Amino acid sequence: MRNFINLKDISAKDLRKILNDAKKRKNKRKKLSTLDIDRDRPLEGKLLIQMYEQPSSRTRLSFHIAINQLGAGSIIVKASELHLGKGGESLADTAKILSTYGDGFMLRSDSDEKIEDFSKNLSIPIINLLSPSSHPCQVLSDIFTVEEIKKKSISKLNIAWIGDSNNVLNSLIATSVKFKFKLNIGCPKNYRPPKFVIDWVKKNKRKIYIFNDPKKAVKNADVIFSDKVVSLSDRVNKKKKIKDFRNYRVNSSLLKYAKKDVIFLHCLPRGNEVTDDVFLGNKSKVWQQALNRVHVQKSILLYCFGKLR
């Protein structure tokens, strides 16, 4: 049994195994429909319990498809409908009940501490569907998409991030350390990655490059990532934050500083941080990026159950 909580806690070897398995599984589904179950039915008889404390579109839908294609079943519960934190039931007791009924637990939470507490009290694997400091499933599938399109290891590519320092960027930084690729970050001075993230990078003898000028950040980039400037969990002056990022919009002029074959990726939902001509243009691979969530998440599930090929 293995948990999938934060990419920094998983070895590069295991992350590569997940990516390799996802590639094989995707290739084997070319003639299958969405509802067709994988022929080896590796998780048949398993029940996955999902709990969402925040809204979700892609994560919820892609995991629903992934679980079904692996031959398992799933149930989605709302935190507000459980006794969790109410009626005198502790998180530890809830975790024991979940471990009794299900084979795996998947949580999208507004609290890193809650995911950690669950991991200590569950006797089944837990997968982090999103937390304030990490979005591991999203970013690992993004790495898969980059390598699928570029047809080479991400370690040989220049990656740029334009935008806020958030949970997605934290996970991207973690993968830059694990897979040893160059990562440039373009953001205003007051929105740099937190100290604990920078310290972890230094501890692992790696570097990330931070620029206040987005043009310098995307210079010679093979891939440009962006994300919504104001996220759902932001408790900030939204008008001020949008104003602070007004010069960090990904547009066609900015793309000219990157390589000619640069691709654009965005985890969605989008805001005004990217122009329509880029987001809907031929350099944008956001739909392929979203679809690949299904394939990589299937292999993440198999990793947690010790069933990787």
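The residues in the range 105-131 that are out of contact with any Lys or Arg (no Cβ under 9 Å at 6 or more places or on another chain), of a type outside the set (F, W, Y), open to solvent by less than 70 Å² (accessible area, probe 1.4 Å) and not in a helix (DSSP H, G or I) can be counted, and the count is 6. Could you tell me whether the range 154-166 includes any residue that is closer than 18 Å to V274 by Cα, in a helix (DSSP H, G or I) and open to solvent by less than 40 Å² (accessible area, probe 1.4 Å)? Within the range 154-166 (the criterion being closer than 18 Å to V274 by Cα, in a helix (DSSP H, G or I) and open to solvent by less than 40 Å² (accessible area, probe 1.4 Å)), the answer is no, since none of the residues qualifies. Might you let me know whether the range 136-146 holds any residue that is open to solvent by 10 Å² or more (accessible area, probe 1.4 Å) and of a type in the set (S, T, N, Q)? No, the conditions are met nowhere in the range 136-146. Taken over the range 180-218, the criterion of being in a helix (DSSP H, G or I), in contact (Cβ under 8 Å) with a residue 24 or more places away in the chain and either within 22 Å of G271 (Cβ to Cβ) or touching an Asp or Glu at 6+ places or on another chain (Cβ under 6 Å) (or both) is satisfied by N190, Y191, P214, K215, A217. Filter the range 224-255 for residues that are over 26 Å from Q54 (Cβ atoms) and part of a helix (DSSP H, G or I) and give the result. Within the range 224-255, R246, N247, S252, S253, L254, L255 qualify. Assuming W287 fulfils every condition listed in (1) of a type in the set (F, W, Y); (2) touching a residue at least 40 places away in the same chain (Cβ under 8 Å); (3) under 30 Å from P125 (Cα atoms) apart from one, which condition is it? The single condition W287 does not satisfy is (2). Taken together, S80, S33, S74, S62 contain a single residue that is hydroxyl-bearing (S, T, Y), farther than 22 Å from P132 by Cβ and outside any loop (DSSP other than H, G, I, E, B), which is S74.
Against the list (1) in contact with a Leu (Cβ under 9 Å, 6 or more places away or on another chain); (2) open to solvent by less than 30 Å² (accessible area, probe 1.4 Å); (3) part of a loop (DSSP other than H, G, I, E, B), the condition A258 fails is (1).
Number of residues in the range 22-43 that are under 27 Å from S99 (Cα atoms) and of a type outside the set (A, V, I, L, M) equals 4. Flag not set for L172, criterion: over 16 Å from the mean Cα position of the chain (by Cα), crowded, with 23+ Cβ neighbours inside 10 Å and over 17 Å from K298 (Cα atoms). Annotation: S80 fulfils all but one of (1) without any contact (Cβ under 8 Å) to a residue 12 or more places away in the chain; (2) out of contact with any strand residue (DSSP E or B) (no Cβ under 8 Å at 6 or more places or on another chain); (3) farther than 24 Å from R58 by Cα; the unmet one is (3). Within 28 Å of T175 (Cβ to Cβ), open to solvent by 40 Å² or more (accessible area, probe 1.4 Å) and in contact with a Leu (Cβ under 8 Å, 6 or more places away or on another chain): is that true of R58 in this structure? Here the answer is yes, as R58 does meet what is asked. Among the residues of the range 219-240, those that are surrounded by 16 or more Cβ atoms within 10 Å (Cβ to Cβ) and either without any contact (Cβ under 8 Å) to a residue 24 or more places away in the chain or touching a Leu at 6+ places or on another chain (Cβ under 6 Å) (or both) comprise D222, F225. State whether one or more residues within the range 85-104 are assigned to a helix (DSSP H, G or I), under 17 Å from L301 (Cα atoms), open to solvent by less than 50 Å² (accessible area, probe 1.4 Å) and without any contact (Cβ under 8 Å) to a residue 40 or more places away in the chain. Yes, the conditions are met somewhere in the range 85-104.
One residue is enough: does the range 84-104 have a residue meeting the conditions within 20 Å of the chain's Cα centre (by Cα) and either modelled with pLDDT under 95 or within 26 Å of N170 (Cα to Cα) (or both)? Among the residues of the range 84-104, at least one is within 20 Å of the chain's Cα centre (by Cα) and either modelled with pLDDT under 95 or within 26 Å of N170 (Cα to Cα) (or both), which makes the answer yes.
Looking for something modelled with pLDDT of 95 or more, more than 21 Å from F144 (Cβ to Cβ) and over 23 Å from the mean Cα position of the chain (by Cα) - is there at least one such residue anywhere in the range 218-238? Yes, the range 218-238 has at least one match.
The values are calculated or read from the model by the stated rules, or taken from the named source; none is laboratory data. Note that the structure is a prediction, hence the values are computed from the model and not measured. All Cβ positions, even for glycine, are placed from backbone atoms using ideal geometry, and neighbour counts span all protein chains on display. Heavy atoms of the whole protein, side chains included, go into the accessibility calculation; ligands, DNA and RNA do not. Shrake-Rupley method; radii C 1.70, N 1.55, O 1.52, S 1.80 Å.
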